[in-house]
Each structure stands twice: as C-alpha cells, then as structure tokens.
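The values are calculated or read from the model by the stated rules, or taken from the named source; none is laboratory data. Worth saying up front: this structure is predicted, and the values here are computed from it rather than measured. Reconstructed Cβ throughout: ideal geometry from the backbone, glycine too, with neighbour counts over all protein chains shown.
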Amino acid sequence: MIPTHSSDKTNRREIIVNRLSALNEYDFSEAHRHNYFEFFCFINGDGNHIVDFKKFPIESYSIHIVGAGQVHQVNRELNSNGFVYLFELDAINGPPEIIEFLFDHVCYDVDEVSPIYRVDKKDQVSFVMLTEMIWEAHSGSGSLKNLTIQNAIQSLCIKCMDSVQNRDDKPKSEYAEFRKLLFNEFRTIKKVKDYADQLNITEKSLNELVKAQTGKNTSQVIYNQIILEAKRLIQTGMSAKEVAYDLNFDDPGHFSKFFKTKTGYSPTEFRNVHA
C-alpha cells in the first residue's frame, strides 16, 4: 500500500527545508505520494529514486522534482547528501514561467517530462552556494528569510529550465494545452472527440498534434493518463471497485478488464507485484 503524506506547514504556504545527510525519514522503505512538491538537490549522489514506477539514478550535482500526486521512493546510499524542499505550488510565489515549469511535473508522465536535472559542471559551484544559502536562511530568523528561500528556489528552477530549453522532446505549446486539459478532465472526459471540441480543433488535427509529439495516437495518451492514476490509487490501498468509481467507470468489471488489457496485470496482481 502506498501512503499519502500531507503537511500542515505546506498547507500554510510555508517552504520546509531539510538537509539530507544521514539516512532519515526521507529514505522510505516503501513508495509513497505527497499532496505537495518535493524538490531534491543532491550534492553527492548514490542510490536510486523511483518516480511513478520508473527508476532513476541519484547522481552528484542533480535536482529531482517530484510533483504533487506522483508516487516515489528514495533509496539513497550512505555517502549521498544534499537537501530537500517541500512546498505547495503557490508558496514559491514565482512568475508564470516557473509555475508552469513546476506544474508540468504534475501534468505529464515521467517519460515526457523527466523529473531529473543534471547540473552542468560550470554551474556546480553556484548550485552548491544556492543550496547553502537556502539552508542558512532557513536556520535564521531575519525578516527576509522567506523571500530569500523563495528567490533561491526560483533560481534553481531557472537552472533546470535552462538545461532543457533546447531539448527536442520539450512539449510544444499546442500539445501542452491538450495535456493540461487531459490532466484536469481525464476522470470525466475519455473520448478524443470531446477533447478536440474543447480545444476547438478537429479530431484529425488533435491526432496529428499528439502523434507528432509522442508517436502515439490521442486515445493511447488518454488511456495512459487513466492507467497511471489507476496504478497510483491501487497502491494507496483502494480496491478495484473504489478505483473504478474514482475514475468514473460505471462497471468495476469493465475497469478491471481495461486495466489488465493495458498493463498485463489485474488490479490485484499489480498491487502484489508492487507491494
């Protein structure tokens, strides 16, 4: 079962800052999810980090961004260290470009928007300085404490954004509109035509747009979003029936058949494999 963690502090728009040195509560023996962002900065890296059922290496001078609702598990080795920042999206108080960048980690799956960013060698000194600045501000009590932390995390986001701005697999703006609509509506809208209507384009245009960006047809992308959330919910301990109703399937049997067709596992089998 995957627990969901919440925080009264992040609900109050506070940014929580924790140093990762000795192995601690952030090195969970089981996967879990949060209703807030986790922004990991690894100075020395070793081990692996599983995000939405995909394993990524923990490398030195890297940033790992886990969006609200994503399932993840940190498996650090003893020699790894760094920091992790916990916050609600509006606590960053950033410009629209940074808010959109962070929201992309909630909106897309990890194959489209990777949660991992590697810091270029030329930026490693400034990267460490920013993380230490956040720690010093967090440990202090000055009137500009929160502003200092906000600005430093925004600077780290800009480093991540800069590292991918010329990447070929960066989502195009028209496709991004579809993915944001899908993220908000996948529980209630499951037909390609309905998404095309919402976007004021034809089904053919939408399919061409999605195919050009992903190599998949629109139905596949819609189904993948549904399946990803189903996997998350199954691992929180919900029954197949509860997941079916959460995702607006009228018949739990239909949901179970759909899930097995797409994953090769029944909901129960999937839970046991990822227990």
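Looking only at the range 105-132, count every residue that is surrounded by fewer than 18 Cβ atoms within 10 Å (Cβ to Cβ) and touching a Gly at 6+ places or on another chain (Cβ under 8 Å) and tell me the total.
Result for the range 105-132: 1.
List every residue pair whose Cβ atoms sit under 7 Å apart, with the two residues 6 or more apart in sequence or on different chains, where the first one lies in the range 134-152 and is without any contact (Cβ under 8 Å) to a residue 12 or more places away in the chain and the second, anywhere, is in a helix (DSSP H, G or I).
K145/A137
For the range 193-252, how many residues meet the condition of being assigned to a helix (DSSP H, G or I), touching a Lys or Arg at 6+ places or on another chain (Cβ under 9 Å) and of a type in the set (V, I, T)?
Residues in the range 193-252 being assigned to a helix (DSSP H, G or I), touching a Lys or Arg at 6+ places or on another chain (Cβ under 9 Å) and of a type in the set (V, I, T): 7 in total.
Residue pairs, Cβ under 7 Å, 6 or more apart or interchain, first in the range 61-84 and in a loop (DSSP other than H, G, I, E, B), second acidic (D, E). List them.
What qualifies is Q70/D52; E77/D46; N79/D46; S80/D46.
Might you let me know whether the range 47-59 holds any residue that is surrounded by 20 or more Cβ atoms within 10 Å (Cβ to Cβ), assigned to a strand (DSSP E or B) and either assigned by TED's automatic domain parsing to the domain that holds Q220 or under 18 Å from the mean Cα position of the chain (by Cα) (or both)?
yes
Residue by residue through the range 235-275, note down the ones that are closer than 24 Å to S219 by Cα, exposed (fewer than 14 other Cβ atoms within 10 Å of the Cβ) and small (G, A, S).
Hits for the range 235-275 are G253, G264.
Can you confirm whether N79 is in the same structural domain as S62 (by TED's automatic domain parsing) and either among the small types (G, A, S) or modelled with pLDDT under 90 (or both)? It would help to see each step written out before you state the result.
On the way: in the same structural domain as S62 (by TED's automatic domain parsing): yes; either among the small types (G, A, S) or modelled with pLDDT under 90 (or both): yes.
The answer is yes for N79.
Given the structure, is Q150 buried (at least 18 other Cβ atoms within 10 Å of the Cβ), at pLDDT 95 or above, assigned to a helix (DSSP H, G or I) and among the polar types (S, T, N, Q)? Steps first, please.
Numbers: buried (at least 18 other Cβ atoms within 10 Å of the Cβ): yes; at pLDDT 95 or above: yes; assigned to a helix (DSSP H, G or I): yes; among the polar types (S, T, N, Q): yes.
So Q150 fits the description; yes.
Mind listing whichever residues of the range 85-118 are of a type in the set (G, A, S) and not in a helix (DSSP H, G or I)?
If we filter the range 85-118 for residues that are of a type in the set (G, A, S), which is where we start, we get 91, 94, 114.
If the condition is that a residue be of a type in the set (G, A, S) and not in a helix (DSSP H, G or I), then G94, S114 are the ones that fit.
I'd like the full set of residues that are within 21 Å of the chain's Cα centre (by Cα) and at pLDDT 90 or above, limited to the range 235-262.
If the condition is that a residue be within 21 Å of the chain's Cα centre (by Cα) and at pLDDT 90 or above, then V243, D246, L247 are the ones that fit.
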